[in-house]
Amino acid sequence: MPSKTIQFSDKELLVTKMPNLDGNSVTEKRQEILEYFNKTFTLDERLYDCLIDENAFLSKGSPLRHPLVFYYGHTAVFYINKLFVANLIPSRVNAEIESMCAIGVDEMSWDDLDNKNYNWPSIQKIKSYRDQVRKIVSDLIMTAPLELPIKWDDPFWIIMMGIEHERIHIETSSVLIRELPISQVKNNPLFLVCPHVGEAPDNSLIPFVGKTMSLGKDHKSEYYGWDNEYGQKQVDVKNFKASKYLVTNQEFKSFIDDDGYNKQSYWTAEGLKWCEFTNAQHPHFWVKSESNYKYRTLTSEINMPWSWPVDLNCHEAKAFCNWKSEKEGLNIRMPTEAEWMLMRESLDADQPTWNEAPGNINLEYWASACPVNQFKTSSGLYDLIGNVWQWTETPMAPYAGFAVHPVYDDFSVPTFDQNHNLIKGGSYFSTGNYAIKDSRYGFRRHFFQHAGLRYIQSEAPVEIEPVNPYETDNLINQYMEFQYGDDYFSVKNFAKSCAEISISYMDNKPKKKALDLGCAVGRMSFELAKYFDSVDGVDFSARFIQSAVSMQNLGYKKYKIPIEGEVFELKQAELSRLGLKEYSDKCRFMQGDACNLDSKYNNYDLIFAGNLIDRLYSPKKFLNEIHTRLNKNGILILTSPYTWLEEYTPESDWLGGFKKDGENYLTLQGLKEELARNFNFIKNHDVEFVIRETARKFQHTVAELSVWELK
């Protein structure tokens, strides 16, 4: 049954505070988190009341993002996918929606945004799904084990993760709605536009004394945080001066009037490519009229509010600073993360504890920007937080001590690529974790996110930590060596051996499409591409997929493997050295769940699932559905050492490795029983592999490779 609609006043919906992770009463904490969840869920749905009809849901605010229907479903799907993977709920709700609306939020290179691959559910169907999810999560909040304080590995951390994830999307979806044609949106009384305009104030510079800044927090923090917030980094900040106000639309117009968009010297090489590609001549949310400019808010076009902060991407912010440096003969630039955090010290209030927001943030005032001279801090700066995000010079990177959360390993890692810059301070639409002092979010430099600019004047050079050319993720390093590294103890490369065996069963069969499930860092996909017209490599881990894409795009990847202790051997994998470079363009790597694959994965002549079956949370479900992905007489190949563990698969779902009717029941027997309806068993092989841990410690394993032909 759908959950009962939770009623909140508009003010209750808009003005919310993050719950403290500690407390004295478990009962009261459940109620607090339940209310926070329901407010978040309702606010998310109310945002979509800005769309005029179902066709607007199917429209894209940006060609590099999904249509809004995806995000309407995605925030609910996230709860189910994460809670299910964490074994906090026994089953999924709707496999189709949970596959289609799971992945593809950031425009990463492996995303598949081809419209022909999507047959979106109706809005009514997604709303019904959301109602089911609301009830499941509400019930879980009231029944799941809860100890205070809530810690990183507790069930309620996953619940808080879902809530804060949804609050992120409330803001990012508001940007996408703001990008839709005005004909596809309508005014929403919940989200008010600031009525104040006025003249833009003249900007000036305010001095700040440098100091050593300690960045990052530890896990004793009393509020939920994303993985990239934890760790430690010390930075020596030199003296600098900061602009009193955010850059206004009026101040930025001087850049436009000086033909700033067309002067190459103001733009970085990357920014110039963006500028030329888009033919940008003014900010994204300015609307050119016959005689002047209009300004696009969430759902309307208004006369240009010259005293409001200008919305910019990072390229535009950088070009403006270069222009201003030239005009004033000063070194003007964006602040670094550490410089911004030093400015932030002049404001001791934070979202969970303030009585009233000291800036246009947390939806406490308006769902639009406002004049830049309304919120002053003790330092003399205005809009230290809120109004619009503030771009920084600092690329997103982890602090020392960073660790991914095992339930959401792809939240931050894909942004550690030097292509995402940090934004700080929050916007008028920033709520929850977005609105706290410790938040760290990185966006691509061409991205729009209710973001603008506070510039600084400083003679100190921007010190960006050099990119470590060697992979720092130990698991990735181990798999890189396993798939691309040396052979040990005369045991041949596992992927190469499996590919050769697989092809031996494809005589007189078509070799158009192959699927490599559990592709990890991609070697098997590249090996299969020697024989097939196209190969899809799919893995649950974004970290693995990122490495496979890096190998495909660059042709090489540097990694390091331990010799002993802190002594490492530096290595480089090269596709050309392995004779695979010329085939790499035939591969397509994507993140996905083998137990809940999207319907677009079909019509394969070969499916290879390498060392996967004993790591699935529902292997029987996988085996009972995989035949639908194969062409007639297609081949399925499974490999596994059958190391069944409760950590990955509930014992009730093991395919073998137990007693049945008093007799030993092995996995190959279980496979035959599960696959007999749709497959003929052809043959099995033993295939050895060796995984190096250190120079003196190796895992020597024998996997069983079984071959099955679709009936």
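The values are calculated or read from the model by the stated rules, or taken from the named source; none is laboratory data. All figures in this text were calculated on a predicted structure; none of them were measured in a lab. Neighbour counts are summed over all protein chains in view; Cβ atoms, including those assigned to glycine, are modelled from backbone coordinates with ideal geometry.
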When you go through Lys632, Lys600, Lys621 one by one, which is the residue that is among the basic types (Lys, Arg) and either buried (at least 22 other Cβ atoms within 10 Å of the Cβ) or part of a strand (DSSP E or B) (or both)?
Lys632
Between residues in segment 238-267 that are closer than 15 Å to Ile456 by Cα and residues that are among the basic types (Lys, Arg) and modelled with pLDDT of 95 or more, which pairs lie under 8 Å by C-beta distance while being six or more apart or on different chains?
Ala242/Arg454; Ser243/Arg454; Tyr245/Arg454; Leu246/Arg454; Val247/Arg454
All positions within segment 312-364 that are over 25 Å from Lys263 (Cβ atoms), of a type in the set (D, E, K, R) and in contact (Cβ under 8 Å) with a residue 24 or more places away in the chain
Glu337, Glu339, Arg344, Asp350, Glu364
Considering residues of segment 494-512 that are buried (at least 22 other Cβ atoms within 10 Å of the Cβ) and touching an Asp or Glu at 6+ places or on another chain (Cβ under 7 Å) only, the residue farthest from Val702 (Cα to Cα)
Ala499
Is there a residue being assigned to a loop (DSSP other than H, G, I, E, B), at pLDDT 90 or above, farther than 20 Å from Glu316 by Cβ and over 28 Å from the mean Cα position of the chain (by Cα) anywhere in segment 358-367?
yes
Identify, from the list Ile33, Ile80, Ile52, the residue that is more than 30 Å from Pro406 (Cβ to Cβ), among the β-branched types (Val, Ile, Thr) and modelled with pLDDT of 95 or more.
Ile52
Which pairs turn up if I take residues in segment 219-234 that are within 19 Å of Asn421 (Cα to Cα) and look for partners that are of a type in the set (Asp, Glu) and assigned to a loop (DSSP other than H, G, I, E, B) with beta carbon separation below 6 Å, at least 6 apart in sequence or on another chain?
Glu229/Asp438
Of all residues being in a loop (DSSP other than H, G, I, E, B) and not hydrophobic (A, V, I, L, M, F, W, C) in segment 562-596, which is nearest to Thr472 (Cα to Cα)? Just the residue, please.
Glu566
Pull up segment 583-598, narrow it to residues that are charged (D, E, K, R) and under 22 Å from Arg92 (Cα atoms), then point me to the one that is modelled with the highest pLDDT.
Asp593
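Quick grid of which residues meet (1) modelled with pLDDT of 95 or more; (2) outside the structural domain of Ala435 (by TED's automatic domain parsing); (3) out of contact with any Cys (no Cβ under 6 Å at 6 or more places or on another chain); (4) not basic (Lys, Arg):
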site: Val467; (1), (2), (3), (4): no, yes, yes, yes
site: Gly485; (1), (2), (3), (4): yes, yes, yes, yes
site: Phe489; (1), (2), (3), (4): yes, yes, yes, yes
site: Ser497; (1), (2), (3), (4): yes, yes, yes, yes
site: Ala529; (1), (2), (3), (4): yes, yes, no, yes
site: Asp536; (1), (2), (3), (4): yes, yes, yes, yes
site: Phe544; (1), (2), (3), (4): no, yes, yes, yes
site: Leu554; (1), (2), (3), (4): no, yes, yes, yes
If you go through Pro466, Pro510, the only one that is under 30 Å from Glu393 (Cβ atoms) and either of a type outside the set (Asp, Glu) or in contact (Cβ under 8 Å) with a residue 40 or more places away in the chain (or both) is Pro466
Here the residues within segment 232-244 that are surrounded by 15 or more Cβ atoms within 10 Å (Cβ to Cβ) and more than 25 Å from Asn387 (Cα to Cα) are Lys233, Val235, Val237
Does Gly210 satisfy the condition of being among the small types (Gly, Ala, Ser), more than 28 Å from the chain's Cα centre (by Cα), over 29 Å from Leu298 (Cβ atoms) and modelled with pLDDT of 95 or more?
yes
Counting only residues that are of a type in the set (Gly, Ala, Ser) and on the phi > 0 side of the Ramachandran plot, segment 375-394 contains a total of 2
Would you point out which residue out of Tyr531, Tyr559 is of a type in the set (Phe, Trp, Tyr) and part of a loop (DSSP other than H, G, I, E, B)?
Tyr531
Restricting the search to segment 387-419, which residues are modelled with pLDDT of 95 or more and outside any loop (DSSP other than H, G, I, E, B)?
Trp389, Gln390, Trp391, Thr392, Glu393, Thr394, Pro395
